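The values are calculated or read from the model by the stated rules, or taken from the named source; none is laboratory data. Quick caveat: nothing in here was measured; it's all calculated off a predicted structure. FYI the Cβ positions are ideal-geometry reconstructions off the backbone, even for glycines, and counts take in every protein chain you see. Remember, those area values only see protein heavy atoms, side chains included, never the ligands or the DNA or RNA. Shrake-Rupley method; radii C 1.70, N 1.55, O 1.52, S 1.80 Å.
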Amino acid sequence: MKRKISNGLLDIDEDKRRQSELDSFKFFKQSKDPKGELFIIRASWINRWIKYLNGKRERPGRIKNEKLY
């Protein structure tokens, strides 16, 4: 399925995007020595995103962390 990114610049195959994100998630989850930047993201968004990666829901949308501050 093709879907436009919200900025309208690219067409992305949804299945390829999901698989790419799932591969990255598995890689970073297994990493014992994370390097680079770390970000704080609400657990509820992460849970929706993981369900998306497993094909159980639609993409969760933009990350909104207003309640973290």
### Message
Given the condition without any contact (Cβ under 8 Å) to a residue 12 or more places away in the chain and more than 12 Å from the chain's Cα centre (by Cα), answer yes or no: does some residue in the range 47-57 qualify?
### Response
yes
### Message
For residue 60, only one of the following conditions fails: (1) touching a strand residue (DSSP E or B) at 6+ places or on another chain (Cβ under 8 Å); (2) at pLDDT 90 or above. What is its number?
### Response
(1)
### Query
Can you pull out the residues in the range 24-60 that are open to solvent by 90 Å² or more (accessible area, probe 1.4 Å) and outside any loop (DSSP other than H, G, I, E, B)?
26, 27, 28, 29, 30, 51
